[in-house]
Amino acid sequence: MSFSSLLIMLARKPISLAEHHEILCQLLDLTNQSQDPNLIIYTLHYGSQYYRKVGRFEDATEFLQQALGVCGPKHPLRPQLQNELAVMRSDVAPELEYWIFAKTGPLLFTHTPTNQLNIDEDLFGMFFAALQDFASELSSTESQGMGQKRISQIQWTTGESFLIYHRDIDPLFIVGLCSKNQVLEQFYDDLRSVYLRFFFTFEEELNRFQGNVQPFLNFPGKNFS
């Protein structure tokens, strides 16, 4: 079967996971026969993106590793592949306590092993969303060229801190509770890894989110290894 015919089959809806996997294998056979490095790299990258979206992270990691093996040091896609592989390899400590919210405040997912806070999580999210809106509005009233302000940390007098991570282009944000016994910088790095993993896993669902949180409930929040 030709390369174009296989691509047409991939675009067909619906298609099962097994069918998708079989077509990807055939595509890789054809690209390897062509000995065109760019074609091999982009096919492997497509495969990694697909497996990441369906939650098959081991397959996604393997495809990324293969793509990097073909990539030369100056290939334009190499930095992106390296960044995606770093996210896929993230191994977040199971004690990490965090809440993931839609940009407007509704709770999407939470992992609270210590259960320290007895709170209304939707109000909690709306509070942090309002804080970010306030910071953004404050930025717009100040001189230009300073960049948009974001609140990234709220510290209690008891030593605990709420850390917030968010990218302006994404429709979500994450809040983590860092205890006084945890290293702030490491906690923030872990929080960022959770955020990116969640975003990459549910990018399509997040972009069309209208209140249904069911798709997010199977997120592997405790361990990404």
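The values are calculated or read from the model by the stated rules, or taken from the named source; none is laboratory data. Keep in mind it's a predicted model, so treat the numbers as computed, not measured. Note that each Cβ is placed from the backbone with ideal geometry, even for glycine, and that neighbours are counted across all protein chains shown.
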Mind checking which residues of the range 37-71 are surrounded by fewer than 13 Cβ atoms within 10 Å (Cβ to Cβ) and either modelled with pLDDT of 85 or more or under 22 Å from residue 3 (Cα atoms) (or both)?
69
Determine which member of the set 187, 162, 219 is at pLDDT below 80 and closer than 19 Å to residue 110 by Cβ.
219
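A quick yes/no check of all residues on (1) of a type in the set (D, E, K, R); (2) closer than 22 Å to residue 131 by Cα; (3) crowded, with 20+ Cβ neighbours inside 10 Å:
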residue	(1), (2), (3)
158	no, yes, no
167	yes, yes, no
175	no, yes, yes
179	no, yes, no
190	yes, no, yes
205	yes, no, no
208	yes, no, no
219	no, no, no
Output the residues belonging to the range 16-61 that are hydroxyl-bearing (Ser, Thr, Tyr) and farther than 22 Å from residue 80 by Cβ.
16, 34
Failed condition for residue 29, given (1) of a type in the set (D, E, K, R); (2) farther than 22 Å from residue 200 by Cα; (3) under 25 Å from the mean Cα position of the chain (by Cα), with all others met?
(3)
Filter result for residue 133 (of a type in the set (Asp, Glu), surrounded by 11 or more Cβ atoms within 10 Å (Cβ to Cβ) and modelled with pLDDT of 85 or more)
no
